[in-house]
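The values are calculated or read from the model by the stated rules, or taken from the named source; none is laboratory data. Keep in mind the model is a prediction, meaning the values are calculated, not measured. Neighbour counts are summed over all protein chains in view; Cβ atoms, including those assigned to glycine, are modelled from backbone coordinates with ideal geometry. For accessibility, only protein heavy atoms count, side chains too; no ligands or nucleic acids. Shrake-Rupley method; radii C 1.70, N 1.55, O 1.52, S 1.80 Å.
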Amino acid sequence: MYHTGNLVKELAEKHGRKRESLMPILQDIVKKYNYLTDESMVEVATELDISAAEVYGTASFYTFLDTQERGKNVIRVCKTITCSMKGKNDIISTIEDILKIRVGETTPDKMFTLLETNCIGWCHKAPAMLINDMPYTDLTPETVIDVIKGYMRK
Amino acid sequence: MVTLKINDQEVKVAEGTTVLEAAKQLGVNIPTLCNHPDLCVAGNCRVCVVEQKGARTLIAACAMPVSEGMDIHTNSLKVRNARKHIVELLLSEHRADCTKCYKNQKCELQTLANEYSFGEHIFLDLVEDHAYNIDRSSPSFLKDDSKCIRCQRCVRTCAQLQHVSAIAVANKGAHMKISSFHDRPMSHVVCTNCGQCVNRCPTGALTEKTYIDQVWDAIYDPDKHVVVQTAPAVRVALGEDLGYDPGERVTGKMVTALRQLGFDSVLDTDFTADLTIIEEGTELLTRLKKVLVEKDKNTALPMFTSCSPGWIKFIEHKYPHMLPNLSTCKSPQQMFGALAKTFYAQKRNIDPAKIVSVSIMPCTAKKYEADRPEMRSSGYKDIDFVLTTRELAVMIKQAGIDFRTLEPARYDSIMGSSTGAAVIFGATGGVMEAALRTAYELVTGKPVPFTNLNITPVRGMEGVKEATVKIEGTTEEWRFLEGAELKVAIAHGLVNANKVAKAVSTGKASYHFIEIMACPGGCIGGGGQPIPTNVEIRKKRMEAIYSEDMHMDLRKSHENPEVVAIYKEFLEKPNGHKSHELLHTHYIERESY
């Protein structure tokens, strides 16, 4: 959990308080904190004078605007057909083994969240995954261990 | 004007008319589901698709404006097949436990299924695969997602008519649902329980929480003395659920029906509506005196009315800093409840513990109001059960009463007498008019200066109404009001209430007294009223209310003999100690989501 402090107010100043400012404000919060707390959504609703249910409705439509608590590093393994055929399941079980969590879960130290995602456009270099904004491609169980270990050291 | 053909018949309509409206002018019926006359076009259910010659795909009649030379077919084979598939697809996502459903035979989806899709279902039933839950948290209504077809009438109602948006569309694709903020229980969000969504839901996804069985149990319990009160707006709408056209006044027949159902005493909320006027009128004049004469900084003006529980919850959530502006008067329902188990119990010599107090209301928020923990000033739950107009109609049918043949009867006494001022409480502007009739006379000793006491500037369907009443010829006690112009405003529908509240909150408007009713048209358009509702139906109910007023012997609250008597025998004086104990309340600041 985090507290947004003045962030929502600052973002409303930056992006404006019209209905169309909702998306950029939510994106900027997620950029900073990885996910949206209920508190932050209520703050956004108050700033824009819309209802909190509307903010939640918008956020819940977009996979990348998480409304559940997420770790510092969000791993999204592509689950779409090409990556599936090229060994996505092995990648996932390798990550599950190394982080001791299942898909959808976050490590107790809040460092990693493991998720699946729909196609991220790297079919030609499948299997692929994202960690935060960074794509990793042509994955094998060996290379994925190195990638994760790299983030563990950060 | 635009000329087009529908089913080979030519029709001329104004530009901007939709294909659906044009067809209606020709008497051609196109089925609809997500469409509702009170709401903006959504075009999401696709039930109204029609064929336009030359167009590649079928078009949604509700969303398509007419254009010159259009050639529309509403009943071609292509349309029929598509419509059947659309209804089937909607059914595949709808838990169709029709015989057990509260909306059985009142469900628009069921009607469509009846017309277009009987026999074997052609698509897989998806409902059983979905985890669904039924939100029973509100005392006013149920939200059952397994019956929701996501037409979003409720979402549009909550946003456009009520400016609340307690519910919105969440998630996407197969997971899309109508959700409160982060799926919290409806009792823990900004929802006002107004029931406007319930009134517009085409299926059983949103229904009032019914207490019919509990009321039957009380009636059949020989130890219980069951009193019933009926709100003003019920008598002009109940007929609609019992085969009458909108606008029929059925007051007398309703009283007979309630007696036949077995209620021990059939009484009238209008009695406490008259009482509300005395209490609220006195409160307003006291506030005016405090502000104008005593220059008291702690007294808040303008004063808002407090009869509408939907409005109360709205202001508690959205404008908590203006709670001191709310009249402290309870609503007529709750005044009635508090008096039924005190004054009435004493007079009739009945143990209040044995009294079951039932109210028939045009309203779902009244169920919530009766459940508020502060509404126990008699020492018991002041109102035990609240039934909507619709639920009363169900009970009348269950009892096998032939409503049309009933002889009209009069309310019982005590707490059954009323005036025309009380009955107009059911329409927007009515509380204001009733208050003015009494307050003006109290201050000047003369009736309000309007023909037949009809204060027409405060009547009608305009969203926000304003009026100024000049006070002249005051009596000695009220000399400080001589020549004063009392500025009043009236709003109905929370979207309009919000406009007024915002204007007052930001200092852009200065009024002395503001009447707010949460529902469009006031209580006549309440969430517990017969379905369907639209502006024409509400106008007819409103006309019936004013006609009821004109037919009353007494038309000013302070002339109600039982009201005069209750002050003499029990309450002593308006806004006095006993009044404050039983008839006034306080409010609570609530969260903004």
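Can you tally the net charge around B:D129? Count Lys and Arg as +1, Asp and Glu as -1, for every other residue whose Cβ sits under 15 Å from the Cβ of B:D129. Please report the intermediate quantities before stating the final value.
On the way: positive: B:R95, B:K177; negative: B:E93, B:D125, B:E128, B:D145.
Charge balance near B:D129 sits at -2.
Would you mind getting me the FRET efficiency between A:M1 and B:E581? Use the beta-carbon distance for r and R0 = 56 Å, nearest 0.05.
Working: r = 45 Å, r/R0 = 0.81.
Efficiency computed from Cβ-Cβ geometry: 0.80.
Counting only residues at least eight positions apart within a chain, or on another chain, the lysines with an alpha carbon under 20 Å from that of B:K539 are B:K465. Applying a 4.7 Å Cβ-Cβ cutoff to chain A leaves A:C119, A:C123 as cysteine residues with no disulfide-compatible partner.
Among the listed pairs B:K289/B:K446; A:K9/B:K147; B:K289/B:K556, those whose Cα-Cα separation exceeds 29 Å are A:K9/B:K147. Relative to the current alpha-carbon distance between B:A353 and B:T475, full extension at 0.36 nm per residue lengthens the span by 39.4 nm.
For B:E10 and B:V464, the FRET efficiency from 1/(1 + (r/R0)^6), where r spans their Cβ atoms and R0 equals 45 Å, is about 0.60. Buried on complex formation within the stretch B:153-172 (loss of at least 30 square angstrom of accessible surface versus the isolated chain, 1.4 Å probe, ligands and nucleic acids ignored): B:S165, B:A168, B:N171, B:K172. Roughly how many Å is it from the Cα centre of the stretch A:1-39 to that of the stretch B:13-86, as a whole number? Centre-to-centre (Cα) distance: 41 Å. The loop-placed GluC sites (Glu not before Pro) in the stretch B:322-393, going by DSSP, that have at most 14 neighbouring Cβ atoms within 10 Å of their Cβ come out as B:E374. The value for chain B of Rg(Cα) / (2.2 N^0.38 Å) is 1.01.
Exposure check, 1.4 Å probe, all protein chains in place: B:D8 carries approximately 110 Å² of accessible surface. Among residues other than A:R102 with Cβ under 12 Å from its Cβ, the summed charge is -3 (Lys and Arg +1, Asp and Glu -1). Measuring only protein heavy atoms, the 1.4 Å probe finds B:E572 accessible over about 140 Å².
Net charge in the neighbourhood of A:E116 (other residues with Cβ under 9 Å of its Cβ; Lys, Arg +1, Asp, Glu -1) is +3.
Note on B:D71 and B:V41: their simple-model spin labels are 2.3 nm apart, each label 7 Å out from Cα toward Cβ.
Looking at the protein assembly as shown, the accessible area is 42 square angstrom per residue; that uses a 1.4 Å probe and ignores ligands, DNA and RNA. If you average the C-alpha positions of the stretch B:276-350 and of the stretch B:564-593 separately, how far apart do those two centres end up, in angstrom? After rounding, the separation between the Cα centres reads 7 Å. Counting only protein heavy atoms and a probe of 1.4 Å, the accessible surface of the protein assembly as shown is 52% carbon and sulfur.
Axis of helix B:430-444 versus longest Cα principal axis of chain B: the two differ by about 20°, to the nearest ten degrees. The angle between the Cα long axis of helix B:494-505 and the longest principal axis of the Cα atoms of chain B comes to about 50 degrees, rounded to the nearest 10. When the GluC sites (Glu not before Pro) in the stretch B:1-52 are filtered for DSSP coil states and for at most 14 other beta-carbon atoms within 10 Å of their beta-carbon, the remaining sites are B:E15. Buried between B and A is an accessible area of approximately 1300 Å², summed over both sides with a 1.4 Å probe.
Compared with the alpha-carbon gap, the fully stretched path from B:N171 to B:D213 is longer by 11.4 nm at 0.36 nm per residue.
What FRET efficiency, computed as 1/(1 + (r/R0)^6) with R0 = 35 Å and r the Cβ-Cβ distance, is obtained for B:K573 and B:H188, rounded to the nearest 0.05? Provide the component values of the computation, followed by the final result.
On the way: r = 40 Å, r/R0 = 1.16.
Result of the calculation: an efficiency of 0.30.
If each Cα of the stretch A:73-153 is one equal point scatterer, what is log10 of I(q)/I(0) from the Debye formula at q = 0.12, 0.16 Å⁻¹? Computed log10 I(q)/I(0) values: -0.27, -0.49. Loop-located trypsin sites (Lys or Arg not before Pro) in the stretch B:487-593 (DSSP state other than H, G, I, E, B) with a sparse environment of at most 10 neighbouring Cβ atoms within 10 Å: B:K508.
With Cα atoms defining each centre, the stretch B:404-434 and the stretch B:468-515 are spaced 26 Å apart in the structure.
Here the stretch B:75-92 is scanned for amide nitrogen atoms under 20 Å from the site 7 Å beyond the Cα of B:R56 along Cα-to-Cβ, giving B:78-79, B:82.
Projecting label points 7 angstrom from Cα along Cα→Cβ for B:L124 and A:D28 puts them 4.5 nm apart.
Computed over the stretch B:295-445, the P(r) curve from all C-alpha pair distances, binned at 5 Å from the origin, holds 2, 8, 13, 17, 19, 18, 13, 7, 3, 2, 0, 0, 0 percent per bin.
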